Ligand SMILES: *Cc1c(COP(=O)(O)O)cnc(C)c1O
């Protein structure tokens, strides 16, 4: 169709055409693409669990015991013992009364906004929130108000002007910037304006806090917000969950269309996620090692005078600005066997195209040194 060709051409001209590579190895730091060895600095597998032997064994055992398909939605006959066990374990892990499984984080976010809000209500979001929360707001038919990135004053103004029932939604760790939302300030504002708070902890769960329980544990929040956590990132598995109080979880079950009208994930995924949860809780060395690598990366980047962002998390972006220059830099690094995410608008704001470097506990110091040598070669004229 000619209008599609036109749209696709425009996308190409703007250097925004999206493509993907085909990997010939499992998710791991040292991967193979078309016979080429690459070191990956772009996955969200922060703890190096996606191809862990214990997860693989739990997945296989799960398939042995429970088959492959769940058969139907959770509310029909898809909810099996491993799903129930995982929900109970995640509620305990996050210190919340209940947890509810979703197929993906995207769908969990859709359910939260649509089940908790309706016409005449307000959803208030950080300007740099993940796309899934923006889509959720639109689907909810509530009024979407956005506040300046991590700016409590701006949030306060939006809360004061909001009408109806109010829900504040924020990334815990911002997915493209790596900084952490100021949750104690945000929580206090929500309390004084009688608003619900929901934190999308896709990049915090497993990584932040003493036991890996995420942003809430990181800040030691006593009044716990609604938490959305994903299992496809630090957990190395797949799926997502919402942890919250009884009323919120029941509202999601009764009114969350992306919970009700979809097939439950395979029970074997739940057994694999339970195995991941056990490693997350017991292997603190993974978070310690990750922190050492983050420190090493930042120290070396500063020596090279690279433009770092204020991030203490495994997400360490380097702003390039120009989209074409950013894509070319990504290609040069790739030619040197380093796979780094080159991210451009609309995923990030105009003029802030960037390399999104992510670190994993599976990286060695030598991997980081290799990256720094390549960055020195290509970034510094
Ligand atoms: C990845 C991500 C999601 C979506 O989670 P999926 O399980 O991959 O659908 C939601 N929010 C944020 C902030 C994310 O980074």
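Just a few scattered comments:
- Computed with the Debye formula from one identical point scatterer per Cα of the range 25-159, without solvent, the log10 of I(q)/I(0) at q = 0.11 Å⁻¹ comes to -0.68.
- In the chain, the DSSP beta bridges split such that about 55 percent are antiparallel, to the nearest 5.
- Whole-number percent relative contact order across the range 201-249, with pairs defined as alpha carbons under 8 Å at least 6 apart: 29
- Residue 68-residue 282 FRET efficiency (beta carbon distance; Förster radius 22 Å; 0.05 resolution): 0.15
- Contour excess over end-to-end distance, with Cα ends at residue 15 and residue 365 and 0.36 nm allotted per residue: 122.7 nm
- Value in Å of the Kirkwood radius, where the range 141-234 supplies the Cα pairs that are averaged: 13.6
- Computed from label points 7 Å out along Cα-Cβ, the spacing between residue 81 and residue 298 is 4.6 nm.
- Point-to-point label distance, residue 24-residue 373, nm (Cα→Cβ direction, 7 Å offset): 2.4
- 222 nm mean residue ellipticity, helices alone, for the chain (DSSP H n ≥ 4; -39,500 (n - 2.57); rounded to 500): -13500 deg cm²/dmol
- Its alpha carbons considered, the chain gives a radius of gyration followed by a Dmax of 20.9, 61 Å.
- Taking all pairs of distinct alpha-carbon atoms in the range 255-381, Kirkwood radius in angstrom: 16.9
- Per-q log10 I(q)/I(0), the range 185-286, q = 0.11 Å⁻¹ (Debye; single scatterer per alpha-carbon; no solvent): -0.39
- Stretchable slack from residue 325 to residue 92, in nm (0.36 nm times residue separation minus alpha-carbon distance): 79.2 nm
Read the figures in this text as sums done on the coordinates, not as results from a lab. In this text, all values refer to a predicted model and were calculated from it rather than measured experimentally. A quick note on method: Cβ atoms are made from the backbone with ideal geometry, for glycine too, and the neighbour counts reach across all protein chains shown.
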